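The values are calculated or read from the model by the stated rules, or taken from the named source; none is laboratory data. Note that the coordinates shown come from a computational prediction; the quantities given were computed from them, not determined experimentally. Reconstructed Cβ throughout: ideal geometry from the backbone, glycine too, with neighbour counts over all protein chains shown. Remember, those area values only see protein heavy atoms, side chains included, never the ligands or the DNA or RNA. Shrake-Rupley method; radii C 1.70, N 1.55, O 1.52, S 1.80 Å.
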Amino acid sequence: MRNLTQKQKDFLLDSIRVVKDFPKPGILFRDITTLLNDKKAFNFLIEHLCERYKNANLDYIAGIESRGFIFGSALATRLNLAFVPIRKPKKLPFTTVSQKYSLEYGFDEIEIHIDAFHGSKNAKILLIDDLIATGGTAIAAAELISEVACEPFEICFVLDLIDLGGSKKLSKDYKVYSVLEANEN
């Protein structure tokens, strides 16, 4: 498994647009649509992830709504694996298990089908999302996976906003990999 050079990381970081004061003043929003719209950057990222996980003997890739779906399904297709969506409430049609998590001003919730991993308690699962900030959603998703299957093999993010501390919090209980790192400000 190769590590990216700083030049390769800069290439990917440069493909992500930073929007100031969105969705509210003081926030620097990382807009991954520009990475997705750059076929060289997107392909390079997915190839890097394929190289990282091709020999991990994974059974499933799970992605967190909604941008985790993009990276997770692209990677699952390349690795010939099944993809499992972790969604916002009332989006999945069958019996679900849910997990609430705290936000800065309240709570949110995510769900997964109870049979998402076909009842396997030994499945090797990669959980993926576009970025990690404070970690609430990722922790809730990892707990959901643990409830219906087993511990995630690894939790992967395209971008870690390191000064918000989410990956540090998450890495106390899970193996975490971030392709890129950036500061919030």
**Message:** Per 0.36 nm of contour for each residue apart, how much would the distance between Cys50 and Asn3 grow if the chain were fully extended, relative to their Cα-Cα spacing?
**Reply:** 15.7 nm
**Percent of C-alpha pairs per 5 Å bin, segment 124-185, short to long** = 4, 21, 33, 24, 11, 5, 1, 0
**Request:** Using a 1.4 angstrom probe, figure out how much accessible area segment 53-143 has per residue, in square angstrom, rounded to the nearest whole.
**Result:** 50 Å²
**Whole-Å semi-axes of the ellipsoid equivalent to segment 1-109 (Cα gyration tensor, √5λ, descending)** = 26, 24, 11
**Message:** At 0.692 mPa s and 37 °C, plugging the Kirkwood radius over alpha-carbon pairs of segment 65-123 into Stokes-Einstein gives what diffusion coefficient in µm²/s?
**Reply:** 255 µm²/s
**Estimated [θ] at 222 nm from DSSP helical runs (n ≥ 4, -39500 (n - 2.57)) normalised by residues in the chain, nearest 500** = -9500 deg cm²/dmol
**Asked** Among Lys7/Lys39; Lys88/Lys172; Lys124/Lys168; Lys54/Lys124; Lys7/Lys168, which pairs are too far apart, with a Cα-Cα distance over 20 Å?
**Response** Lys88/Lys172; Lys124/Lys168; Lys7/Lys168
**Message:** Accessible area of the chain with a 1.4 Å probe: how many percent of it is carbon plus sulfur?
**Reply:** 50 percent
**Message:** If I take the Cα coordinates of segment 77-185 and project them onto the principal axes, what are the three extents in Å, biggest first?
**Reply:** 41, 34, 24
**Prompt:** Relative contact order for the chain using alpha-carbon pairs under 8 Å, separation at least 6, rounded to a whole percent?
**Reply:** 16 percent
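In segment 9-93, what trypsin sites (Lys or Arg not before Pro) fall in a loop by DSSP, with at most 16 other Cβ atoms inside 10 Å?
Lys54, Lys90, Lys91
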**Message:** So, R0 is 45 Å and r is the distance between the beta-carbons of Phe22 and Ser120; what FRET efficiency does that work out to, to 0.05?
**Reply:** 0.65
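Averaged over all directions, how much area does the convex hull of the C-alpha atoms of the chain cover when projected, in nm²?
Hull-based average projected area comes out at 10.4 nm².
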